[in-house]
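The values are calculated or read from the model by the stated rules, or taken from the named source; none is laboratory data. Since we're looking at a predicted model, the values are computed, not measured. Ideal geometry is used to build each Cβ from the backbone, glycine not excepted, and the neighbour counts take in all protein chains shown. Accessible surface is based on the protein model in full, side chains and every heavy atom, while ligands, DNA and RNA are left aside. Shrake-Rupley method; radii C 1.70, N 1.55, O 1.52, S 1.80 Å.
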Amino acid sequence: MAEIGVTSDETSNPTLGGDIEDYVALLKPRVMSLVVFTALTGMVAAPGALHPALGLIALLAIAVGAGASGALNMWWDADIDAIMHRTRSRPVPQGRVTADEALAFGLVLSVLSVLTLGITVSWFAAALLAFTIAFYVLVYTMWLKRSTPQNIVIGGAAGAFPPMIGWAAVTGDVSLDSFLLFLIIFMWTPPHFWALALYRARDYEAAGVPMLPVVSGPGETRRQILLYSALLAPLACAPAVTGLGGVVYAIVSVVLGIAFVALAVDVWRKTDSAAGDKAAKRLFAFSILYLFLLFAVLLAEHSFRHLVG
Amino acid sequence: MSVATSAEDEHKRRQRMRSLAIGLALAALVVLFYVATIVRLGPNALNKKDGGFTSRPPVTQDATKQVPK
């Protein structure tokens, strides 16, 4: 593990031990909420039915598994988290939780979440969850993040697995439709994170993280954002073609896709620093809404089908 | 109150909260596995007469013949 740079903070006192809210912060609750939401969509959209109690247990296990990988990420990345503005207030760089405590917390929760999902719901889904945690921690955090500007392209797969795990919890396998849900998040991740990296490039540079704007410059990053957005927009409409999405999904995915590409074009065109940052922030904010709405519509359509059918 | 006592009190409070959280998490895990067991095995899991095995398929005559002697 890399050296941890603990920042000075009057409120930090390692001898006190972490408070409950520090351990909650280790789980990255905001990321967790997106994971729960996409996993729930996968579960509801999957053919078949799972007892509601088992569904809740599966969601809880997936959420805890995602939180565990967040804790392990914070354990490994404490040195660079201490440098970047966005992450320097996290519990480990602040010294409120030690790196060893974060490691133990993450490992215990990883094992518990996988075993719980396997024993109570599906060993196939549990294997997918274990793979996702391992991929995020070993492949993305420990290897790709500090070694290549393609880190979030490949590492983005970890964030794309939850709907597939939710699907597998119901059916016990994966299908073309669950793979489509995976692909949508996978293709969404690069423009989402590169938009953030465009206006946080100095932070990443100071921390030595080879994000695309740091390595290839903002021009190439804008071009790549546009390219991935142009691929994402039609791909996100595919569920309407396979039958996974209904009429509402078809309309929403087309409209949102056009808006996404238009904002990406705006980012590509505005090379001026201030205007460029503003456009990138707009795309970043919209990308979150975009993914949320796509999955919300799928969730609503399938919930309606369950109610009617 | 001295600074040292205050820090010690805070340390104890956090330790107590962590212990409480671990205890609650373990209790939740027990409830969770209990619920999962009942859901998967059905209400017969608690039926002492047959040990909760009524949800298993009955052993057929053909199946018993295949048991090696």
Could you check segment A:70-97 and list, in sequence order, the residues that are of a type in the set (S, T, N, Q) and open to solvent by 10 Å² or more (accessible area, probe 1.4 Å)? A:Ser89, A:Gln94
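For segment A:34-56: of the residues being among the hydrophobic types (A, V, I, L, M, F, W, C) and over 25 Å from A:Gly156 (Cα atoms), which is modelled with the lowest pLDDT?
So the residue we want is A:Ala49.
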Residue match in segment A:103-125 (condition: at pLDDT 95 or above and more than 15 Å from A:Gly65 (Cβ to Cβ)): yes
Output yes when any residue across segment A:198-206 is in a helix (DSSP H, G or I), surrounded by fewer than 20 Cβ atoms within 10 Å (Cβ to Cβ), touching a residue at least 40 places away in the same chain (Cβ under 8 Å) and not charged (D, E, K, R), and no when none is. yes
Any residue that is over 14 Å from A:His192 (Cα atoms), outside the structural domain of A:Phe37 (by TED's automatic domain parsing), at pLDDT 95 or above and charged (D, E, K, R) - is there at least one of those in segment A:258-268? yes
Looking at segment A:286-300, I want the residues that are at pLDDT 95 or above and have a partner that is loosely packed, with under 15 Cβ neighbours inside 10 Å with Cβ atoms under 6 Å, at least 6 apart or on another chain. Which pairs are those? A:Val297/A:Val248
Of (1) surrounded by 23 or more Cβ atoms within 10 Å (Cβ to Cβ); (2) in contact with a Leu (Cβ under 9 Å, 6 or more places away or on another chain); (3) farther than 14 Å from A:Leu26 by Cα, A:Leu112 satisfies every one except (1)
How many of the residues in segment A:234-279 are without any contact (Cβ under 8 Å) to a residue 24 or more places away in the chain and among the β-branched types (Val, Ile, Thr)? 5
Subset of segment A:215-252 (residues that are within 22 Å of A:Ala279 (Cβ to Cβ) and open to solvent by less than 50 Å² (accessible area, probe 1.4 Å)): A:Gly217, A:Gly219, A:Thr221, A:Arg222, A:Gln224, A:Ile225, A:Leu226, A:Tyr228, A:Ser229, A:Leu232, A:Ala233, A:Ala236
Could you give me the residue pairs with C-beta distances under 7 Å whose first residue belongs to segment B:13-40 and is within 24 Å of A:Glu101 (Cα to Cα) and open to solvent by 70 Å² or more (accessible area, probe 1.4 Å), whose second residue is modelled with pLDDT of 95 or more and not charged (D, E, K, R) wherever it lies, and which are 6+ apart or on separate chains? none
Close pairs from segment A:107-129: first touching a residue at least 24 places away in the same chain (Cβ under 8 Å) and assigned to a helix (DSSP H, G or I), partner among the polar types (S, T, N, Q) and buried (at least 24 other Cβ atoms within 10 Å of the Cβ), Cβ under 8 Å, at least 6 apart: A:Ser110/A:Ser69; A:Leu129/A:Ser113
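Tell me yes or no: at least one residue of segment A:112-126 is assigned by TED's automatic domain parsing to the domain that holds A:Met32 and closer than 30 Å to A:Trp194 by Cα. If you could, list the steps in order and put the result at the bottom.
So in segment A:112-126, the residues assigned by TED's automatic domain parsing to the domain that holds A:Met32 come out as A:112-126.
Within this subset, residues satisfying the condition of being closer than 30 Å to A:Trp194 by Cα are none.
No, there is no match, as no residue in segment A:112-126 is assigned by TED's automatic domain parsing to the domain that holds A:Met32 and closer than 30 Å to A:Trp194 by Cα.
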Quickly run through segment B:1-39 and pick out the residues that are within 8 Å of chain A (Cβ to nearest Cβ) and either among the aromatic types (Phe, Trp, Tyr) or over 9 Å from the mean Cα position of the chain (by Cα) (or both). B:Ala7, B:Glu10, B:His11, B:Arg14, B:Gln15, B:Met17, B:Arg18, B:Ala21, B:Phe33, B:Val39
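Helices (runs of 4 or more DSSP H) wholly in segment A:26-85 with at least 3 residues that are within 14 Å of another protein chain (Cβ to nearest Cβ) and under 24 Å from A:Leu103 (Cβ atoms) - which ones?
So the answer is A:52-76.
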Can you confirm whether A:Pro149 is outside any helix (DSSP H, G or I), assigned by TED's automatic domain parsing to the domain that holds A:Leu50 and touching a helix residue (DSSP H, G or I) at 6+ places or on another chain (Cβ under 6 Å)? yes
